[in-house]
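The values are calculated or read from the model by the stated rules, or taken from the named source; none is laboratory data. A quick note: this is a predicted structure, and the numbers were derived from the prediction, not measured. Every residue, glycine as well, gets a Cβ built from its backbone with ideal geometry; the counts of neighbours run over all protein chains shown. Each accessible area value is taken on the protein alone, full model and side chains, heavy atoms only, with ligands, DNA and RNA left out. Shrake-Rupley method; radii C 1.70, N 1.55, O 1.52, S 1.80 Å.
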Amino acid sequence: MNDGNDDPVADALVDGSAYERVRVRRISTFKRPIPRKLHHLGALSYLLAAAVLSLAVLPSAVVATLPVDPFVASTRTLVLGLVAQGIVAVAGAVLVATALARPRLEPMDEDTAESVLAVEETASLVGFVVGGVSLVIAVGTVLVAHLGPGAVETLTLLTVNSPYGAAPLPFPFEPAWAGVASWLAGLALHLAAVLLGGQ
């Protein structure tokens, strides 16, 4: 009978695998299980998708003040968003690979568990810190454009080069497709999280 005193940390230390024991003892920035991390990375992808697609409804007064129409031409902001999305997607893929590899490594000793957790932590740091921060900057830049010409002018004065300036990509990639690609990446990350057993 459950007396309400269950302690998952104590359970992991007493009855858990080497991976679970090392995981609860290890000092980590991102303690959440992999499926939860994948949900969060998916949410970041959806956020970027929404921001990119929102460029289609920028006020005409704002578009008139920009060097190019950001929903028609690739801009520095779009390039930053694409790079950030790529980092988030790769980090998510590494987390999925780690989650799939772990059962095959069982039973593992604590050194192997430490190595697995180091890979998981590194992917999390790169995904959330490097990819996540870059993505938030890209989204923030798009949001500024929605605030009107005055906000755009202020941001442009604060930056060396206008984030809304054209930035040709080595291959054709329209902003609308960037938004769709980010949405699909978010969907893939969420589905992976569900298939790995997390909500």
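Per-structure values
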quantity: Inter-residue pairs, beta-carbon under 6 Å, first more than 17 Å from Leu48 (Cα to Cα) and open to solvent by 10 Å² or more (accessible area, probe 1.4 Å) and in the range 119-147, second acidic (Asp, Glu) and not in a helix (DSSP H, G or I), 6+ apart; calculated: none
quantity: Residues that are β-branched (Val, Ile, Thr) and either on the phi > 0 side of the Ramachandran plot or part of a loop (DSSP other than H, G, I, E, B) (or both), drawn from the range 155-184; calculated: Thr159, Val160
quantity: Given (1) surrounded by 13 or more Cβ atoms within 10 Å (Cβ to Cβ); (2) out of contact with any Gly (no Cβ under 6 Å at 6 or more places or on another chain), number of the condition His190 does not satisfy; calculated: (2)
quantity: Boolean, Val79 is free of Cβ contacts under 8 Å to residues at least 24 places away in the same chain, assigned to a helix (DSSP H, G or I), farther than 14 Å from Ala192 by Cβ and open to solvent by 30 Å² or more (accessible area, probe 1.4 Å); calculated: no
quantity: Subset of the range 82-94 that is open to solvent by less than 10 Å² (accessible area, probe 1.4 Å) and in contact (Cβ under 8 Å) with a residue 60 or more places away in the chain - its residue that is nearest to Ile137 (Cα to Cα); calculated: Val88
quantity: So Phe171, is it of a type outside the set (A, V, I, L, M) and either at pLDDT 95 or above or open to solvent by less than 30 Å² (accessible area, probe 1.4 Å) (or both); calculated: no
quantity: For Ala89: the one exception among (1) modelled with pLDDT under 95; (2) touching a helix residue (DSSP H, G or I) at 6+ places or on another chain (Cβ under 6 Å); calculated: (1)
quantity: Restricting the range 30-60 to residues that are open to solvent by 60 Å² or more (accessible area, probe 1.4 Å) and either hydroxyl-bearing (Ser, Thr, Tyr) or more than 30 Å from Val90 (Cβ to Cβ) (or both), the residue that is modelled with the highest pLDDT; calculated: Tyr46
quantity: Of the criteria (1) modelled with pLDDT of 90 or more; (2) of a type in the set (A, V, I, L, M, F, W, C); (3) in contact with a helix residue (DSSP H, G or I) (Cβ under 8 Å, 6 or more places away or on another chain), which one Ala18 fails; calculated: (1)
quantity: Selection within the range 109-118 - open to solvent by 20 Å² or more (accessible area, probe 1.4 Å) and in contact (Cβ under 8 Å) with a residue 60 or more places away in the chain; calculated: Asp109, Glu110, Thr112, Glu114
quantity: Selected residue (criterion: farthest from Trp183 (Cα to Cα)) from residues of the range 95-107 that are open to solvent by 20 Å² or more (accessible area, probe 1.4 Å) and touching a Ser or Thr at 6+ places or on another chain (Cβ under 8 Å); calculated: Pro107
